[in-house]
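The values are calculated or read from the model by the stated rules, or taken from the named source; none is laboratory data. Bear in mind that the values here come from a model prediction, so they are computed numbers and not experimental data. Cβ sites come from the backbone with ideal geometry, for glycine too, and all protein chains shown count toward neighbours.
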Amino acid sequence: MLRVSGHSERTDVGRQRQANEDSYLARAPLFVVADGMGGAQAGEVASLTAIQAFQAGLPAGNAEEAIEQTIAVANRNIHDQAVSDASLSGMGTTITVASVDADGERVVIGHVGDSRAYRLRDGIIQRLTKDHSLVEEMRRRGQITEEQAEDHPQRSIITRALGPEPEVQADLATVPSEPGDIFLLCSDGLTTMIGDEKIRDILMGATTLDAAARTLVDEANRAGGRDNITVIVFQVEDPANPLPRDDHPTLIRSGAARRARRGEREAARPKRRGKVVAGVLAALAVLLILVGGLFVATRQAWFLGTDTAGRVALYRGLPFELPFGVDLYSLKYSTAIQTTSLPANRQRSVTDHSLRSEDDAVSLIEDIESREGLTG
């Protein structure tokens with residue numbers, strides 16, 4: 001048996017687009033990412049229409065067939081709208097679907113376009129989908145190398161999507177899974193900015209699924225953010241032996257690490273002699289580590305927030321307050337921009353208090369000022 005132990009999702013307009021045409025659905029055990037395309041708001045309509053086809057879940061029966069049928073329904077709905085409304089003519093969307101089959105201990109993937117699905121297991125990242133793109137076809141035919149494909153100017157041209165034609169062929173795959181596996185669904189706004197190894201390093205380095213999703217989007221934006229960025233990260237576990245967690249599911253980095261933790265728990269049989277003294281020393285050590293860690297964090301962590309006048313501001317430290325009025329942060333800079341005047345996606349980047357490096361925080365606040373016409 002398998003179940004989804006936790007999931008996290010994040011979408012961002014990026015740094016060079018005015019609107020977000022990505023849509024997603026994260027309702028365990030079903031996850032969907034769609035990246036729309038088309039003039040005006042047609043791309044947004046297409047991706048939302050695709051997601052709506054999955055809102056009620058999958059039909060009963062074989063999971064591959066159910067995904068294939070639902071993708072076909074989504075394709076017809078998008079195509080019919082485009083035919084009946086001239087303003088939506090030519091719209092389309094990619095789609096990548098993942099459904100966890102608990103009894104079969106597997107994940108079923110459906111895919112059209114160049115959004116992607118990945119699996120991380122024991123430190124190895126595996127791409128589970130093949131891009132339906134001009135560049136990928138050229139690479140498969142040997143016309144260009146893998147390295148040339150990464151930076152090819154026609155990389156964004158896709159050869160298969162939902163909507164342009166009355167019928168579409170979806171790629172379907174069933175992927176065996178085991179406890180601790182981490183899956184990632186993403187739009188190409190992520191993968192055109194950072195490569196597979198960078199994605200792997202981020203997933204391996206994150207301590208929570210939320211941190212993984214946030215860092216993936218932040219790194220794509222740091223690399224240029226040329227397109228909308230959407231990521232869904234989820235992990236599976238054995239219900240009889242749940243993965244360790246506190247408030248959020250914890251990333252398990254390798255099977256060896258999982259086995260080591262189990263071995264440590266089984267071998268932990270402390271002797272009674274000296275137990276109290278050892279406990280006190282351990283508590284003091286933990287306290288010193290926590291105090292030292294807080295001091296380092298307040299010096300190295302930065303975040304965006306809103307100052308007392310309601311303006312976008314830059315803070316150094318951690319966004320927390322201790323008892324007796326002790327703040328773990330200090331105000332470093334306030335802009336002339338009211339947080340409430342920003343678009344919704346920009347407001348979130350200010351109000352979610354995501355911890356950042358100094359360079360990343362300064363870059364983001366400069367970008368906000370630039371978009372609001374406050375810098376040259």
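Out of segment 167-184, which residues are outside any strand (DSSP E or B) and either buried (at least 16 other Cβ atoms within 10 Å of the Cβ) or among the hydroxyl-bearing types (S, T, Y) (or both)?
Within segment 167-184, V168, A170, S177, P179, G180, D181 qualify.
Just name the residue that is nearest to V33 (Cα to Cα) out of those in segment 89-106 that are crowded, with 22+ Cβ neighbours inside 10 Å and over 18 Å from the mean Cα position of the chain (by Cα).
T93
Please state which of the following conditions D196 fails to meet, knowing it meets all the rest: (1) on the phi > 0 side of the Ramachandran plot; (2) touching a strand residue (DSSP E or B) at 6+ places or on another chain (Cβ under 8 Å).
Going through the list (1) on the phi > 0 side of the Ramachandran plot; (2) touching a strand residue (DSSP E or B) at 6+ places or on another chain (Cβ under 8 Å), D196 breaks only (1).
Filter the strands (runs of 3 or more DSSP E) completely within segment 1-103 down to those with at least 2 residues that are free of Cβ contacts under 8 Å to residues at least 60 places away in the same chain.
Filter on segment 1-103 gives 22-27.
In segment 329-364, how many residues are at pLDDT 85 or above, of a type in the set (D, E, K, R) and more than 14 Å from D218 (Cβ to Cβ)?
0
Checking E64 against (1) closer than 26 Å to G225 by Cα; (2) crowded, with 16+ Cβ neighbours inside 10 Å: exactly one of these is not met. Which one?
The number of the failed condition is (1).
Does segment 181-204 hold any residues that are within 14 Å of I229 (Cβ to Cβ) and not charged (D, E, K, R), and which are they?
L184, L185, C186, S187, G189, L190, T191, T192, M193, I194, I199, I202
Within segment 106-118, is there a residue that is in a loop (DSSP other than H, G, I, E, B), at pLDDT below 90 and assigned by TED's automatic domain parsing to the domain that holds A240?
no
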